[in-house]
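Here's the structure, in structure tokens; my notes come after.
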Amino acid sequence: MRLRIARQEILTKEKPVEFTALIHECVLREVLVSPAVQASQLRHLLAIGTLANVTVQVVRAGVGWHPGLDGSFILYEFLDTPSIVHIEHFSSSAFLYEDRDVANFKAAARIVRGVAMSPEDSAELIAEVMEDMEMR
């Protein structure tokens, strides 16, 4: 829990990192906790999405295949250090450093971003899902 909170703090510190979240619509709609808790999480996502250094984009269900459907990943890009990729699965995780691997994930991120909704349309959809959760 402390690690997750510390990761959130890097978005609001004096020199915050730039963060882009590409989220599939199904993730927003799948109820894994109580609807009230999920609505609260979506409200937080909307608030974070208003920060100048944060971009939140939703990929609508039904857009067809894209590399984001093969699994989630985090692409870390640095100013003075080579990029790396973090992949996490059920019981393990790995960092990928090889140039070819990182290039493949960068290409995948560009494709997913290309099929994602705009940040503004994404915020509207997130707000709609949040309101649905609040009404349950």
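The values are calculated or read from the model by the stated rules, or taken from the named source; none is laboratory data. Keep in mind it's a predicted model, so treat the numbers as computed, not measured. Note that each Cβ is placed from the backbone with ideal geometry, even for glycine, and that neighbours are counted across all protein chains shown. For accessibility, only protein heavy atoms count, side chains too; no ligands or nucleic acids. Shrake-Rupley method; radii C 1.70, N 1.55, O 1.52, S 1.80 Å.
Some notes on this structure:
- Every pair of residues 6+ apart whose Cβ atoms lie under 6 Å, when the first sits in segment 49-63 and is surrounded by fewer than 17 Cβ atoms within 10 Å (Cβ to Cβ) while the second is part of a loop (DSSP other than H, G, I, E, B) and of a type outside the set (Gly, Ala, Ser): ASN53/PRO16; ASN53/GLU18
- Test: residue in segment 69-88 that is under 22 Å from VAL17 (Cβ atoms), touching a Ser or Thr at 6+ places or on another chain (Cβ under 7 Å) and among the β-branched types (Val, Ile, Thr): yes
- Matching option when the condition is over 15 Å from GLN57 (Cβ atoms), modelled with pLDDT of 95 or more and within 14 Å of the chain's Cα centre (by Cα), among PHE95, PHE73, PHE105: PHE73
- Subset of segment 78-136 that is among the hydroxyl-bearing types (Ser, Thr, Tyr) and open to solvent by less than 30 Å² (accessible area, probe 1.4 Å) - its residue that is nearest to GLY49 (Cα to Cα): SER122
- ARG43 vs. criteria closer than 18 Å to LEU11 by Cβ, open to solvent by 70 Å² or more (accessible area, probe 1.4 Å), in a helix (DSSP H, G or I) and basic (Lys, Arg): yes
- Failed item in (1) open to solvent by 50 Å² or more (accessible area, probe 1.4 Å); (2) in contact (Cβ under 8 Å) with a residue 24 or more places away in the chain, with LEU11 passing the rest: (1)
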